[in-house]
Amino acid sequence: MKNARRLLSVLTCLTMLVGILPNQVFAQQPRNSVELASVVLPSSTSTPSAPATGAPTVAPTVAPTGAPTATPLPFTSEQIIVTNEFNHTLGTGVSKIRGTVSGAANISVNVVIKVFGTTTNTSVLCNSEGVFAYDIPFTNSGLSVDATFTPTGYQSATKKYFIPADWNGIPTPKPSPSITIEVDLYKVFFYSTKRTTEYSKYLFDNAEKKAFWAIKKNLDSLKTKALSLSREFTIKKDEAIKKKCTLTDSRIKNIKKEYTSLLLSIYGTQKKVDEVIYNDWHISFASYLKLCVDSETINNLKTKSVAKIIKGITDAKAKVYYDKNKKKFDYVKVRHILYRLNDDNGDQYPADKRAEQKSKAAKMLERVKKGENMAYLAKKYSEDYAASLNHGLYKVAYDSPMVTEFKSWALNHKLGESGIVRSIYGFHVMKVEFESKTFAQNKAAVKLVLAGFQYESNIKYLISKAPTLIKNQSELDKITP
């Protein structure tokens with residue numbers, strides 16, 4: 001039962017990703033929303049419009065007395081840019097006007113704004129690079145604006161622009177980007193993180209666990225971690241929905257059936273399954289199945305995203321990465337027939353028995369070199385318990401967790417070569433039956449790895465741009481160790 005429980009924990013940690021569940025706990029709001037003051041467009045020629053904060057200092061345009069008349073330098077509307085910015089929540093907006101007077105520095109620019117027959121006249125200064133700025137706040141709609149700019153010594157230029165008619169100055173709330181983290185999802189990460197922490201701290205006694213979580217710093221850290229994981233995977237789930245990576249009804253049905261069958265095979269009855277799920281995460285079995293579906297949905301997002309990314313990875317780029325990381329990709333497949341040096345209790349055989357095993361290995365090597373079917377020989381004669389299933393065949397890579405002698409022989413011999421290796425387990429009659437040690441053979445695997453890197457990078461960027469959490473502290477406090 002202990003092993004079965006661990007299996008369930010492992011399976012769930014791997015599959016508990018994101019979901020939108022019935023109980024909403026945490027709402028999120030967007031970062032860096034721009035809020036503008038509610039002001040109206042100037043309506044009188046007697047009161048000039050104030051330039052926006054940060055605009056050049058206002059100064060009157062005064063021509064020197066008796067100065068000779070000079071031909072004005074060219075200045076056109078193409079040198080003026082107007083950008084309208086709206087705040088739908090406040091019902092306000094601003095026209096940001098930016099102009100550049102070529103070859104000028106610190107000169108005055110006369111500004112004349114005409115709206116609905118009303119004229120406003122003022123002036124601003126260019127900076128040392130000939131750039132000037134003038135902002136017009138507004139709350140009206142359907143406005144046709146004529147803005148004329150006359151830099152000292154330059155021709156006048158008029159910029160005509162329009163404020164859309166659907167802008168009516170009335171606050172029209174616009175849905176803001178947000179995500180919702182659900183209670184049951186948070187519980188899964190809360191209790192899973194709790195158990196992982198207890199294992200890492202070697203806390204097995206209930207009194208020790210209680211004392212550990214009674215420390216505020218430890219409990220706050222647990223909540224923060226669970227909340228962060230819940231937020232991250234909720235963002236992934238929402239992205240999967242946005243990218244149309246949701247599953248078909250038949251696939252969802254099959255997933256629920258597969259997980260139900262698995263747990264019933266472990267625990268026997270539905271009542272026991274429900275009990276285990278609730279004791280581990282304080283959620284219902286229905287919520288557990290929903291989270292399993294969410295997990296598969298996110299896997300579907302990754303599969304489709306990676307497949308799309310791979311198409312953009314050139315062979316040249318993949319080759320560069322492969323040449324620098326060959327040992328991450330190269331591998332061989334070897335078949336072996338084992339003659340053990342130890343009995344089932346781990347005790348070493350006596351000398352005469354060890355000599356007999358060595359002799360058997362030598363004779364078997366001769367049969368292998370003569371071309372007999374080694375898969376058949378391994379299944380029939382090998383003392384490796386797995387031989388009945390894999391016929392002695394193993395994939396060996398540089399990071400494979402195998403005994404040094406076995407791995408070293410496999411990676412340092414060529415295709416078709418055979419021999420005997422001695423390890424702590426016994427005598428291995430070995431033969432290299434397949435090798436993948438070139439870029440051509442490993443190209444698909446290399447591109448898959450590079451695409452995986454890009455996918456994870458994209459996800460991290462997505463998470464970094466997501467809304468900031470607004471915590472519902474009262475709901476958080478209800479969930480305790």
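General observations
- Theoretical gain in end-to-end length, Asn373 to Asn110 [0.36 nm per residue, Cα-Cα removed]: 85.1 nm
- Relative contact order [Cα under 8 Å, 6+ residues apart], segment 331-436, whole percent: 44
- Segment 329-393 - percent relative contact order, Cα under 8 Å, separation 6 or more: 43
- Sites listed here are trypsin sites (Lys or Arg not before Pro) in segment 180-209 whose DSSP assignment is loop and whose Cβ has at most 14 other Cβ atoms within 10 Å: Lys201.
- For His391, neighbours were defined as the other residues whose beta-carbon sits under 9 Å from its Cβ, and their charges (Lys and Arg +1, Asp and Glu -1) total +2.
- Of Lys327/Lys465; Lys244/Lys290; Lys358/Lys407; Lys407/Lys447, those spanning more than 24 Å from alpha-carbon to alpha-carbon: Lys327/Lys465; Lys407/Lys447
- Alpha-carbon centroids, segment 326-365 and segment 212-291: separation in whole Å: 44
- Estimated FRET transfer efficiency when R0 is 56 angstrom, pair Glu383-Tyr278 (beta carbons, to 0.05): 0.75
- Relative frequency of Cα-Cα separations exceeding 19 Å in segment 420-481, percent: 70
- Total formal charge among the other residues, if their Cβ is under 12 angstrom from that of Lys414, Lys/Arg +1 and Asp/Glu -1: -1
- The relative contact order of segment 408-479 comes to 18 percent, based on Cα pairs under 8 Å that sit 6 or more residues apart.
- Of Lys217/Lys460; Lys328/Lys360; Lys353/Lys379; Lys223/Lys308, those spanning more than 25 Å from alpha-carbon to alpha-carbon: Lys217/Lys460; Lys328/Lys360; Lys223/Lys308
- Cross-link reach list, lysines versus Lys159, counting only Cα pairs under 24 Å and skipping chain neighbours closer than eight places: Lys96, Lys114
- Calculated FRET value between Lys271 and Glu198, using beta carbons and R₀ = 30 Å, to 0.05: 0.65
- Set of aspartates and glutamates near Lys370 by C-alpha distance (under 20 Å), chain-local residues within fewer than 8 positions excluded: Glu417, Glu433
- Modelled label reach - Thr246, point 7 Å along Cα→Cβ, segment 459-476 residues with backbone N closer than 20 Å: none
- Extended-chain gain in nm, criterion 0.36 nm per residue less alpha-carbon gap, Asp146 and Lys324: 57.9 nm
- Each residue, Thr100 and Ala355, gets one label point 7 Å from its Cα in the Cβ direction; the gap between the two is 9.4 nm.
- Under the combined filter of DSSP loop state and at most 16 neighbouring Cβ atoms within 10 Å, segment 346-415 retains these trypsin sites (Lys or Arg not before Pro): Lys370, Lys414.
- Residues of segment 303-327 with an amide N closer than 16 Å to a point placed 7 Å from the Cα of Ala440 along the Cα-to-Cβ direction: 315-316, 319.
- Put simply, the amide H of Asn342, placed in the peptide plane, has neighbours under 5 Å in Tyr349, leaving out anything fewer than 5 places away on its chain.
- Eligible aspartates and glutamates near Lys272 by straight Cα distance, threshold 20 Å, same-chain separation 8 or greater: Asp184, Glu258, Asp280
- Each Lys or Arg adds one and each Asp or Glu subtracts one; over the other residues with Cβ under 9 Å from the Cβ of Glu198, this totals +3.
Just so you know, all these numbers are worked out from the coordinates, no wet-lab data involved. Source: prediction; values computed, not measured. Ideal geometry is used to build each Cβ from the backbone, glycine not excepted, and the neighbour counts take in all protein chains shown.
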